[in-house]
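Below is one structure, written out as structure tokens; the observations come after it.
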Amino acid sequence: MLFSEVILAAASVRPKGYMKVTLAPALGWWAPYLARHATDPLPPTILYLAVTPVDIRLFSKPGLSVPFEIGRWKRGSYQASIAESALSLKIDLELERLGRVRLFSGKDVRPVVDMVLQGAAGPVAPAT
């Protein structure tokens, strides 16, 4: 059974480096060198961030494939912060096993991001 809890909200997000991966084919034979680890530790696909009453979950769905769960983190076991720009949201998450990841989304998913922030243990510490 894929979902044992009710999903309260979900949003489509992009990992940091996704635009580089998307535009890489235009660079010809340089593409593999420039986009090799652009989205590490996340896969170079659109991701789905889901919020349940007890945890947050991150899913990936590669093209022409079945969706799979990257991981789930209980409320209070992760740190999250958000930076808002004119057109998008930057979501920083500190997750067990993945470390620090940055996700980008449109401003229309702000309610979902607010739910993620409410379940966080605190803000992500600034990078040193």
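No value in this document is a laboratory result; all are computed from the given coordinates. Computed from a prediction, not measured in an experiment: that's the story for all the values here. No Cβ is skipped: glycine too gets one built from the backbone with ideal geometry, and neighbour counts run over all protein chains shown.
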* Asked: Amide H to amide H, which residues 5 or more places from VAL13 or on other chains are under 5 Å from it, using H placed in the peptide plane?
  -> LEU47, TYR48, LEU49
* To do: Report the label-to-label distance for LYS74 and ALA10 in nanometres (one decimal), using points 7 Å from each Cα along the Cα→Cβ vector.
  => 2.4
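Once fully extended, how much extra length lies between ARG110 and ALA86, figured as 0.36 nm per residue of separation less the alpha-carbon to alpha-carbon distance?
On the way: separation 24, 0.36 × 24 = 8.64 nm, distance 1.30 nm.
Stretched fully, the ARG110-ALA86 segment lengthens by 7.3 nm.
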* Two-site FRET efficiency, ARG100 against ALA31, from Cβ-Cβ distance with R₀ of 22 Å, rounded to 0.05 -> 0.25
* Please list, or write none, the lysines whose alpha carbon is within less than 18 Å of the alpha carbon of LYS107, excluding same-chain residues fewer than 8 places away. => LYS16, LYS90
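Shape call for the range 1-50 from the C-alpha gyration tensor, a ≥ b ≥ c root eigenvalues: rounded (a/c under 1.5), prolate (a/b greater than b/c) or oblate?
Numbers: a/c = 3.90, a/b = 3.08, b/c = 1.27.
The shape class here is prolate.
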* Structure fact -> Quick calc, LEU117 & SER65: beta-carbon distance into FRET formula, R0 30 Å, rounding 0.05, result 0.50
* To do: Would you please put 83-96, 38-51 in order of how densely packed they are, using the mean number of other Cβ atoms within 10 angstrom per residue and starting with the highest?
  => 38-51, 83-96
* **Rg/Rh for the chain, where both radii come from Cα atoms and Rh is the Kirkwood radius** => 0.98
